[in-house]
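The next block holds one structure in the form of structure tokens; read it before the comments.
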Amino acid sequence: MQKVLVLDFGAQYSQLIARRIRECNIYCEVKPYTITPDEIRAFDPIGVVFSGGPQSVYEETSPHIDPAIFRMGLPILGICYGCQLMAYTLGGTVSAATEATAREYGKTLTHFDTSDTLFSGLPETSVTWMSHGDYISAVPAGFTVTATTGVCPTAAMADRAQRLYGVQFHPEVMHTEYGAQMLRKFLFDVCGAAGDWTMRDYRASAIAAIREKVGSGRALLALSGGVDSSVAAALMAEAIGSQLTCVFVDHGLMRKDEGDEVEAAFSKWDIHFVRVNAEVQFLSKLAGVSDPERKRKIIGEEFIRVFEAEARKIGKVDYLVQGTIYPDVIESGLGNSAVIKSHHNVGGLPDYVDFREIIEPLRMLFKDEVRQLGRELGLAEYLVMRQPFPGPGLAIRVIGEITKDKLDILREADFIFRDEVAKAGFDRSMNQYFAVLTNMRSVGVMGDGRTYDYTLALRGVTTSDFMTADWARIPYELLDRVSTRIVNEVRGINRIVYDITSKPPATIEWE
Ligand code: XMP
């Protein structure tokens, strides 16, 4: 199997590079830049990509690499920091942009030498996505400059004989117009990739890795009924069968009827399935708490305590399995990246977890890749295409303090929203949609009387990877039906608003 190695220098986008490579049907792994040449040799890649990173190559603490890697005869593509590191290590000059004009952030018009392998057949001028304060002022011996911008003398460089390439911009992000094509050219034309790796191969290697790790041990899987944990359950069940127990915790923060639906669906599977009703336990821990991060941490911890208690009942359970996916990891703050919110299963985990190890077989995948894997495992389409529902559930959709009463109001309103969206056939036009009970009350008039009730927010987004999202253009007539029904049928709500912010600057959930 052909493999590509991505070396991570602390970039937020390392996994995005890996994902772009997988999209070319090439197996790929991300490893830290501290890897040794011997370890690289043992991994046996057909090519290496250096990621970007937040530092300057000439700082004392910045990540460096053993220069021997450049003598291994492997094709290398350096991106942003990776490009600067290549230049610096091989004798070029990297300078700090002293004038603001030499720094580039965002979309930048770039001019390419289309006789270079990476850019052949592409337009001579196109938009790239830049994010750098340093620049390469002199390329190393043997290299030529293959792209420039109005302010950057080296937007790309190449030493074709040594198969070493560097780009100052980020080809992995969508904003670089021909970024995907440039990566393809590196992979196929420089590294000689065949592009014959598929999700079926991923499934096979994931199953082999799980079997090797678990051996004859037992594992407990945290099942929520959502796409991620369902796909993880199917994968684990195929790998270790009866050594697996799937535990579904009904924390009282599920949507209307959801607990029973999950139980009905998974009781039919050929797995050990356990439902734990823990509403009282969760709501008592959350009583009086209004800070979103605290809510997330409390829920993350309570989940673990319930799983530990179930594991003790089963006996000799070494592994806890979670359906964590890559955006959960990155948004919880990984390496040098900032904490956006502590996803309950990553940043929300307590310090002490009474399992030998946590297994996360989907940790490197993006949502749409998880869906692809689910199909590969034969999961029903309705399950694979379910909209995501966060582990902390309605706790992060009731803004401020949580009470059973507020949860019940939200459950009814959210149900009506989903019902009307489905009836209108608009469910396939949005990737996630839900209601949020705000903590704000306002004055209304109903049946000639004054009301002072909650404002409900509706949220609908379109997105492919949930890392960025746009607000969904829901037809006014549909919004009108939802609004009329909710204020008429749900007590405690007298005003409805629709959230028209994208991510960024907002996030999908409100907390
Ligand atoms: P945000 O709000 O960060 O959400 O834009 C991105 C996606 O992640 C889901 N989400 C979570 N999922 N545990 C989860 O399992 C969590 O703690 C969590 N927080 C957010 C969110 O519903 C959206 O699909």
Practice problem: Kindly list, by first and then second residue, each pair from a residue in the stretch 200-228 that is under 30 Å from ASP260 (Cβ atoms) to a residue that is of a type in the set (Asp, Glu) and within 16 Å of the ligand (Cβ to nearest atom), limited to pairs with Cβ atoms under 9 Å and residues at least 6 apart or on different chains. | Solution: GLY225/GLU258; ASP228/ASP328
Practice problem: Among the residues of the stretch 144-165, write down those that are among the hydrophobic types (A, V, I, L, M, F, W, C), surrounded by 20 or more Cβ atoms within 10 Å (Cβ to Cβ) and at pLDDT 95 or above. | Solution: ALA147, ALA155, ALA156, MET157, ALA158, LEU164
Exercise. Looking for whichever is modelled with pLDDT of 90 or more and among the β-branched types (Val, Ile, Thr) here; the options are THR101, THR36. Which one fits?
Key: THR36
Exercise. For residues that are assigned to a loop (DSSP other than H, G, I, E, B) and out of contact with any strand residue (DSSP E or B) (no Cβ under 6 Å at 6 or more places or on another chain), tally how many sit in the stretch 169-225.
Key: 13
Self-check item: Every residue from the stretch 459-509 that is part of a loop (DSSP other than H, G, I, E, B), under 31 Å from the mean Cα position of the chain (by Cα) and more than 16 Å from the ligand (Cβ to nearest atom)
Solution: ARG473, ILE474, PRO475
Exercise. Could you list all residues from the stretch 380-398 that are in contact (Cβ under 8 Å) with a residue 60 or more places away in the chain, crowded, with 21+ Cβ neighbours inside 10 Å and away from the ligand (no atom under 11 Å from the Cβ)?
Key: LEU394
Quiz item: Here are some conditions: (1) over 18 Å from PHE389 (Cβ atoms); (2) away from the ligand (no atom under 16 Å from the Cβ); (3) assigned to a helix (DSSP H, G or I); (4) touching a strand residue (DSSP E or B) at 6+ places or on another chain (Cβ under 8 Å). PHE266 meets all but one. Which one does it not meet?
Solution: (1)
Quiz item: Filtering the stretch 74-91 down to residues that are touching a residue at least 60 places away in the same chain (Cβ under 8 Å) and assigned to a loop (DSSP other than H, G, I, E, B), which residue is farthest from THR154 (Cα to Cα)?
Solution: LEU74
Quiz item: Within the stretch 466-486, which residues are among the charged types (D, E, K, R) and in contact with a helix residue (DSSP H, G or I) (Cβ under 6 Å, 6 or more places away or on another chain)?
Solution: ARG481, ARG485
Quiz item: Of all residues in the stretch 459-511 being in contact (Cβ under 8 Å) with a residue 60 or more places away in the chain and basic (Lys, Arg), which is surrounded by the fewest Cβ atoms within 10 Å (Cβ to Cβ)?
Solution: ARG491
Exercise. Among what's in the stretch 283-296 and is in contact (Cβ under 8 Å) with a residue 40 or more places away in the chain and part of a helix (DSSP H, G or I), pick the residue that is nearest to GLY217 (Cα to Cα).
Key: ARG296
Quiz item: In the list ILE304, ILE340, ILE299, which residue meets the criterion of being in contact (Cβ under 8 Å) with a residue 40 or more places away in the chain, within 16 Å of the ligand (Cβ to nearest atom) and touching an Asp or Glu at 6+ places or on another chain (Cβ under 7 Å)?
Solution: ILE340
Quiz item: Across the stretch 343-371, what is the total count of residues that are more than 15 Å from the ligand (Cβ to nearest atom) and aliphatic (A, V, I, L, M)?
Solution: 3
Self-check item: Matching residues, the stretch 3-42, being part of a loop (DSSP other than H, G, I, E, B), in contact (Cβ under 8 Å) with a residue 60 or more places away in the chain and not β-branched (Val, Ile, Thr)
Solution: PHE9, GLY10, ALA11, GLN12, TYR13, CYS24, ASN25
Practice problem: Working only within the stretch 71-80, note down all residues that are within 25 Å of ASP44 (Cβ to Cβ) and buried (at least 18 other Cβ atoms within 10 Å of the Cβ). | Solution: LEU74, PRO75, ILE76, LEU77, GLY78, ILE79
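The values are calculated or read from the model by the stated rules, or taken from the named source; none is laboratory data. Source: prediction; values computed, not measured. Note that each Cβ is placed from the backbone with ideal geometry, even for glycine, and that neighbours are counted across all protein chains shown.
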